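Worksheet: one structure, shown below.
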Amino acid sequence: MPSPIGHALGGVGIAWSAELLTRRAVSTRVTIACAAAAVSADIDLVLPMPHRTVTHSLTAVACVIVAAAVTGWVTGRRAHPMLFGAAYGSHLLLDWLAVDRSFPFGIQALWPFSARWFYSGVDLFPATERQYFFTAASFATNARAIGLELLIFAPLMLALWLFRRRSSCLG
């Protein structure tokens with residue numbers, strides 16, 4: 001599964017893509033919130049629940065959309081429910097495209113409606129080590145994974161950043 005860095009970059013990529021698609025500026029605060037939303041599905045690693053089930057489902061994405069909409073309504077601030085839902089959903093997509101060494105493989109994307117596990121087999125992102133985190137082997141595994149994530153995301157992020165700059169210069 002991708003590292004938090006890879007997931008955060010996915011969330012930033014969603015925010016920047018939305019800005020280009022809608023031709024409406026996305027603030028730095030909203031971009032950071034998208035990065036946080038993209039990482040947050042892994043909250044199940046610190047909670048007493050199985051990993052890659054409840055928080056890695058389309059039901060969780062729907063909950064994020066509803067929570068963002070309600071928060072916007074209650075606070076009177078402009079909400080971005082679909083943007084936050086897409087950022088959160090990027091976590092599911094990246095995990096689906098990643099190496100998974102933990103049985104059962106994949107994510108329970110349709111929880112609670114189905115107990116089926118979904119795994120692409122594409123293995124675009126290498127596995128990270130989370131169980132024995134403070135060992136030399138774990139550091140090496142995670143450094144390699146982060147390096148590959150940066151190789152994948154850096155060109156995409158650079159292209160998005162350049163397009164955003166160009167779009168803002170054109171007015």
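What are the ³J(HN,Hα) values, in whole Hz, obtained from phi via the Karplus relation 6.51 cos²θ - 1.76 cosθ + 1.60 with θ = phi - 60°, for each residue of the stretch 145-154 in sequence order, with x given for Gly and Pro?
Each residue of the stretch 145-154 in turn: 5, 5, x, 5, 4, 5, 4, 6, 7, 4 Hz.
Rounding to the nearest 10 and keeping the result within 0 to 90°, find how far the Cα-based axis of helix 81-96 lies from the longest principal axis of the chain.
30 degrees
Just to compare against my own numbers: the Cα pair-distance distribution for the stretch 61-121, 5 Å bins, whole % per bin, please.
4, 19, 19, 18, 14, 10, 8, 5, 2
Tilt of helix 4-22 relative to the longest C-alpha principal axis of the chain, in degrees (0 to 90, nearest 10)?
30 degrees
So if I average 1/r over every pair of distinct C-alpha atoms in the stretch 1-145 and take the inverse, what Kirkwood radius in Å does that give? List each step's numbers first, then the result.
On the way: mean 1/r = 0.0630 Å⁻¹.
Result for the stretch 1-145 stands at 15.9 Å.
Charges on Cβ only, +1 for Lys and Arg, -1 for Asp and Glu, centred on the Cα centroid of the chain; of Trp111, Met1, Ala79, which one is farthest towards the dipole's positive end?
Ala79
Here, each number is a calculation from the coordinates, and none is a lab measurement. These numbers come from a predicted model, not from an experiment. Ideal geometry is used to build each Cβ from the backbone, glycine not excepted, and the neighbour counts take in all protein chains shown.
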